[in-house]
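Enquirer: My questions all concern the structure below.
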Amino acid sequence: MARAPARPRRSILYMPGSNARALDKARGLAADGLIFDLEDAVAPDAKDEARRLVVAALAEGGYGRREILVRVNGLGTPWGHADLVAAAGSRANAVLLPKVESADMVRQAETILAAAGAPDDMLIWCMMETPRGILRAEEIALASPRVGGFVMGTSDLAKDLHCAHTRERLPLLTSLGLCLLAARAHGLAIVDGVHLDLADDEGFAFSCRQGVEMGFDGKTLIHPKTIEAANQAFAPAQAEIAWSLRLIEAHAEAGRAGKGVVVVDGRLVENLHVENARRIVALAEAIAALEQGS
């Protein structure tokens, strides 16, 4: 099974599964992906109805090329098993498991999905939001071929670490870095945690810049008003795309001429630079295709 397919994940918006109006509105939002949430955003007495609403919304469709994840309740709750069975028959691209702390948790979910007839290309994404989960990031990444990505749950993680959730997020950098290492080592996607202060536009912009610099694919969001800023932050700039195209062409031309060394504007270009340039161009093309077809 292919891992972390090349697709934009600049903005992944949480949508409460119990809010039918929000699920409908999501069809017109410019987010790259949507998380239909059956867990934290839904009160216990609304869990069954939320599951029904999410399955019905996905059956109706209309979400274009957006990536759809269903965040289920944990298997230790009264709703987790039924959530997975329902998600298996939905049109979601993936299920998102909360508070993943071991490979066994992933494999239990995988067994339920398979028994419920989930298609082979339905992925499992993992919330990385506890100290135990962070320490087992590589084990979790290798748990199953269905594992497609990590979502950082920085709010729960900060609570468990007893650390301050500061603007620079220094207390969280070790945890973020460990998950990034595991994701990149094993070809998974990885998106950053949410920024909780919706009135702090500058702080949100800072967190996006930090996420880009660290290497995240995008950011999880809690309000539609932050979609545009996240999309801009995590998309390649036009100058970066143009430079990447120049590197690719110069490298190809040098290869045709039998030259082993390529210099562009005084800079030595090696294979690693060309590989990154191809990644940037592919991302830009995927963003364009998503925006045209959404």
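The values are calculated or read from the model by the stated rules, or taken from the named source; none is laboratory data. Note that the structure is a prediction, hence the values are computed from the model and not measured. Please note: Cβ atoms are built from the backbone with ideal geometry, for glycine as well, and neighbour counts cover all protein chains shown.
Enquirer: Given the conditions (1) assigned to a loop (DSSP other than H, G, I, E, B); (2) buried (at least 18 other Cβ atoms within 10 Å of the Cβ), and given that Ile112 satisfies all but one, which numbered condition is not satisfied?
Expert: Here Ile112 meets the rest and fails (1).
Enquirer: Ok, one more. Only one residue in Ala87, Ala103, Ala57, Ala82 is over 18 Å from Pro16 (Cα atoms), in the same structural domain as Ala43 (by TED's automatic domain parsing) and in contact (Cβ under 8 Å) with a residue 12 or more places away in the chain, so which one is that? Outline the logic, then answer.
Expert: Values: Ala87 fails: over 18 Å from Pro16 (Cα atoms); Ala57 fails: over 18 Å from Pro16 (Cα atoms); Ala82 fails: over 18 Å from Pro16 (Cα atoms).
Only one candidate passes the filter, namely Ala103.
Enquirer: If you check Gly64 against the conditions, is it at positive phi and either out of contact with any Leu (no Cβ under 6 Å at 6 or more places or on another chain) or in a strand (DSSP E or B) (or both)? Outline the logic, then answer.
Expert: Details: at positive phi: yes; either out of contact with any Leu (no Cβ under 6 Å at 6 or more places or on another chain) or in a strand (DSSP E or B) (or both): yes.
In short, yes.
Enquirer: So which pairs qualify, if the first residue must be in segment 247-267 and touching a residue at least 12 places away in the same chain (Cβ under 8 Å), the second must be surrounded by 11 or more Cβ atoms within 10 Å (Cβ to Cβ) and not aliphatic (A, V, I, L, M), the Cβ gap must be under 7 Å, and the two must be at least 6 apart or on different chains?
Expert: Leu247/His273; Ile248/Arg278; Val262/His251; Val264/Arg246
Enquirer: Being assigned to a helix (DSSP H, G or I) and either crowded, with 23+ Cβ neighbours inside 10 Å or in contact with a helix residue (DSSP H, G or I) (Cβ under 6 Å, 6 or more places away or on another chain) (or both) is the filter here, so list the residues in segment 17-28 that pass it. Quick ask: steps written out before the conclusion?
Expert: In the first step, residues of segment 17-28 are kept if they are assigned to a helix (DSSP H, G or I); the result is 20-28.
Hits for segment 17-28 are Ala20, Leu23.
Enquirer: Considering only segment 137-162, how many residues are touching a residue at least 40 places away in the same chain (Cβ under 8 Å) and either closer than 26 Å to Ser11 by Cβ or of a type in the set (Val, Ile, Thr) (or both)?
Expert: So the answer is 14.
Enquirer: Scan segment 29-50 and give yes if some residue there is under 21 Å from the mean Cα position of the chain (by Cα), part of a helix (DSSP H, G or I) and more than 30 Å from Ala282 (Cα to Cα), otherwise no.
Expert: Scanning segment 29-50 turns up no residue that is under 21 Å from the mean Cα position of the chain (by Cα), part of a helix (DSSP H, G or I) and more than 30 Å from Ala282 (Cα to Cα).
Enquirer: Also, quick follow-up: Taking segment 31-53 as the search range and keeping residues that are under 23 Å from Ser11 (Cβ atoms) and among the aliphatic types (A, V, I, L, M), which one is surrounded by the most Cβ atoms within 10 Å (Cβ to Cβ)?
Expert: Initial filter on segment 31-53 (under 23 Å from Ser11 (Cβ atoms)): 31-42, 50, 53.
Filter again for among the aliphatic types (A, V, I, L, M), leaving 31, 34-35, 38, 41-42, 50, 53.
On the way: Ala31: 27, Leu34: 25, Ile35: 28, Leu38: 30, Ala41: 19, Val42: 23, Ala50: 25, Leu53: 22.
For segment 31-53, the residue satisfying everything is Leu38.
Enquirer: Of the numbered conditions (1) touching a residue at least 12 places away in the same chain (Cβ under 8 Å); (2) out of contact with any His (no Cβ under 6 Å at 6 or more places or on another chain), Glu202 fails exactly one; give the number of that condition.
Expert: (1)
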